[in-house]
Protein chains: 2
Amino acid sequence: MMRDSKLSGVLHILLHMAEAGRPVTSETLAGAMGTNPVVLRRLLAGLRERGFVRSEKGHGGGWTIACDLSAVTLRDVYEAVGEPTIFAMGNRSEAPGCLVEQAVNGALDDAFDEARTLLLDRFGRVTLAALSADFRERMASRKSRCGFDAGDAA
Amino acid sequence: MMRDSKLSGVLHILLHMAEAGRPVTSETLAGAMGTNPVVLRRLLAGLRERGFVRSEKGHGGGWTIACDLSAVTLRDVYEAVGEPTIFAMGNRSEAPGCLVEQAVNGALDDAFDEARTLLLDRFGRVTLAALSADFRERMASRKSRCGFDAGDAA
DNA sequence: CATCATGTAACATTTAACGTTGCATGATGC
DNA sequence: GCATCATGCAACGTTAAATGTTACATGATG
């Protein structure tokens, strides 16, 4: 299994919600990406706290986008899902008394910090609106829509 | 547990070996970093194949450095330990038919690719000799040596 | 008030890294 | 030659984090 797909998953969901234009239930969204409604609610909880999405109970309830897609970046979403660990590699011990370990960790940490900064900067420059536009371009050439019917966005 | 500490671990071991200047057994090296001799042999197997280290059996056997420390970079070592996965994040599915997923994965993959390239480039610019020099500098100021006696390198 | 949908805690499953055991092979020293 | 040391390696056990699942409470709608 891929290590952590929260960011990828939640972006997928957000674009689907954006296409729908009306409340979509956790069950429908979960079905669209082959997972469980509860997993989905967990994922979206962080986004709700930040006001990126809204959830409503009862008949006709579900999830809706509650933000300007051009004002939210991948970095915002990354933070909203709890800033999951970026790297699958790391040091053996965090507070090593061994000088060899210190030298090694220092070199590795420097490199990882640089890469992390680059990645987050790049995330910060991509808005949800840009992703959505990218999707619509793909739509223009092909037609499949992942088994998920966006509703009135025909 | 930290995700993958092969690179960190093997670098630690290499510097210790470099300090020793004579064969060191898996058991000694494993003791120095609080792990198991078998784990260590697994780690070093890839380095042996590439000729970075040599192993000898029998009395007085063990591991020795078999390369010029200034000619081997962190990137070489990274490759020698099997190029472990760099990122802890990834896409839900690798071959998505969903156009939304394609748009999302495309954006994320671009960012990850850039970060990976930066990281590996940086690894490629750090030699084992540089790490060793860093270690010796630290030695000059303090004195602890991680419970591992390098032998004649007193 | 029946039904729908979310909120959430608790538990189960899965996967990859890591650890451990057991035994084979080869080298050294007597 | 033989006891001992050390690696080589396969097979299995352990563990932690992500994800999936169940169960039940809460609130909204018709």
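Looking only at segment B:82-122, filter to residues that are among the β-branched types (Val, Ile, Thr) and loosely packed, with under 15 Cβ neighbours inside 10 Å; which one of those is nearest to the other protein chains (Cβ to nearest Cβ)?
B:THR85
Assuming B:ARG48 fulfils every condition listed in (1) in contact with a Pro (Cβ under 9 Å, 6 or more places away or on another chain); (2) more than 8 Å from DNA strand C (Cβ to nearest atom) apart from one, which condition is it?
Checking B:ARG48 against (1) in contact with a Pro (Cβ under 9 Å, 6 or more places away or on another chain); (2) more than 8 Å from DNA strand C (Cβ to nearest atom), the one that fails is (1).
Mind checking which helices (runs of 4 or more DSSP H) fall wholly inside segment B:1-73 and carry at least 1 residues that are modelled with pLDDT of 95 or more, open to solvent by 70 Å² or more (accessible area, probe 1.4 Å) and within 11 Å of another protein chain (Cβ to nearest Cβ)?
Because the criterion is at least 1 residues that are modelled with pLDDT of 95 or more, open to solvent by 70 Å² or more (accessible area, probe 1.4 Å) and within 11 Å of another protein chain (Cβ to nearest Cβ), the helices (runs of 4 or more DSSP H) in segment B:1-73 that meet it are B:6-20.
The values are calculated or read from the model by the stated rules, or taken from the named source; none is laboratory data. Values in this document were obtained by computation on a predicted structure and should not be read as measured data. Here Cβ is always computed from backbone atoms with ideal geometry, including for glycine, and neighbour counts include all displayed protein chains. Just so you know, the surface numbers come from the protein's heavy atoms only, side chains and all, with ligands and any DNA or RNA stripped out. Shrake-Rupley method; radii C 1.70, N 1.55, O 1.52, S 1.80 Å.
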